[in-house]
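Participant: Got a structure here, written out as structure tokens. Questions coming.
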């Protein structure tokens, strides 16, 4: 994105107005995207986290298990498959930060929160479905990632795609 | 039709096993969704177009599996698994499989 701007500057010294516009377009836009992406992305993320916490409070009484068997003293009926999924996209700043991180290696914190949000969101959607059926337990919960957003453009969209499913039960 | 992803059905007894049933679908995302997702990728947040696409495709794959189960004369599918694979850039296969069985409600003891 940045490369041609200084070349242009050197070639046509005559028109300073065009140089300034070229500079703004080649250098300014990415900077605006970075700052805007960071500010809006952070706001969206914080709001999402608050929203997640509020909703998790509602569903915390539903028992969640990854095992197939239930304790023998439980009396369960009305089993039904429930599922939830979420695709959460990265923002410009996060994508940029992860690309920089890619040079040095190490922990990519900015994408960790992205995965966390997708996981919690998908889990909540599954629990919402379970509660619609009047269930109070979900057993055999499985989680998987899918790849539909990859391969967009050259680098592909950075997005977290999580699918969660399990068997909802009415336990007494 | 009872669908569970456990090997047994809580509260039911499996009386007959009908065999493997499966359903798949391959979906491509469209350009409109791509553009929207590309814009959304600047500021972050949920890519709703993709979430909808995945939900629809999963539902379709599962419907095909259920149709197969119905043809076999089953009334339940147990041990359902989902899997995805990307076949080419931009298209994803959603696959769903399980075991079709005939189940009866268990007689309550005590």
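Participant: If you take the residues in region A:76-100 that are over 23 Å from residue B:94 (Cβ atoms) and more than 9 Å from chain B (Cβ to nearest Cβ), which one is surrounded by the most Cβ atoms within 10 Å (Cβ to Cβ)?
Facilitator: A:97
Participant: Just wondering, is there one or more residues in region A:50-68 that are surrounded by 11 or more Cβ atoms within 10 Å (Cβ to Cβ), at the interface with chain B (Cβ under 9 Å from one of its Cβ atoms) and at pLDDT 85 or above?
Facilitator: yes
Participant: Kindly establish whether residue A:94 is modelled with pLDDT under 90 and in a loop (DSSP other than H, G, I, E, B). Write out each step before concluding.
Facilitator: Numbers: modelled with pLDDT under 90: yes; in a loop (DSSP other than H, G, I, E, B): no.
No; evaluated as a whole, the condition is false for this residue.
Participant: Next question. Among the residues of region B:7-20, count how many are within 25 Å of residue A:133 (Cα to Cα) and either part of a strand (DSSP E or B) or under 14 Å from the mean Cα position of the chain (by Cα) (or both).
Facilitator: Selection size over region B:7-20: 3.
Participant: Among (1) more than 7 Å from chain B (Cβ to nearest Cβ); (2) at pLDDT below 85; (3) under 30 Å from residue B:9 (Cβ atoms); (4) buried (at least 21 other Cβ atoms within 10 Å of the Cβ), which single condition is residue A:145 missing?
Facilitator: (4)
Participant: Check every one of the strands (runs of 3 or more DSSP E) wholly within region B:29-110 and list those with 1 or more residues that are more than 7 Å from chain A (Cβ to nearest Cβ) and either touching a residue at least 12 places away in the same chain (Cβ under 8 Å) or in contact with a helix residue (DSSP H, G or I) (Cβ under 8 Å, 6 or more places away or on another chain) (or both).
Facilitator: Because the criterion is at least 1 residues that are more than 7 Å from chain A (Cβ to nearest Cβ) and either touching a residue at least 12 places away in the same chain (Cβ under 8 Å) or in contact with a helix residue (DSSP H, G or I) (Cβ under 8 Å, 6 or more places away or on another chain) (or both), the strands (runs of 3 or more DSSP E) in region B:29-110 that meet it are B:76-88, B:91-105.
Quick grid of which residues meet (1) farther than 27 Å from residue B:9 by Cα; (2) more than 13 Å from chain B (Cβ to nearest Cβ); (3) buried (at least 21 other Cβ atoms within 10 Å of the Cβ):
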| position | (1), (2), (3) |
| --- | --- |
| A:108 | yes, yes, no |
| A:124 | no, no, no |
| A:134 | no, yes, no |
| A:138 | no, no, yes |
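Participant: Those residues that are surrounded by 18 or more Cβ atoms within 10 Å (Cβ to Cβ) and touching a helix residue (DSSP H, G or I) at 6+ places or on another chain (Cβ under 8 Å), I need them from region B:1-28; list them, please.
Facilitator: B:3, B:18, B:21, B:23, B:25, B:27
Participant: Do we have residue A:119 as within 10 Å of the chain's Cα centre (by Cα), under 29 Å from residue A:83 (Cβ atoms) and in a helix (DSSP H, G or I) here?
Facilitator: Values: within 10 Å of the chain's Cα centre (by Cα): yes; under 29 Å from residue A:83 (Cβ atoms): yes; in a helix (DSSP H, G or I): yes.
Judged against the criteria, residue A:119 is a match.
Participant: Residues in region B:1-28 that are within 13 Å of chain A (Cβ to nearest Cβ), at pLDDT 90 or above and within 14 Å of residue B:95 (Cα to Cα): how many?
Facilitator: 1
The values are calculated or read from the model by the stated rules, or taken from the named source; none is laboratory data. This one's a predicted model, so the numbers in the text were calculated from it and none came from an experiment. All Cβ positions, glycine included, derive from the backbone under ideal geometry; neighbour counts span all protein chains shown.
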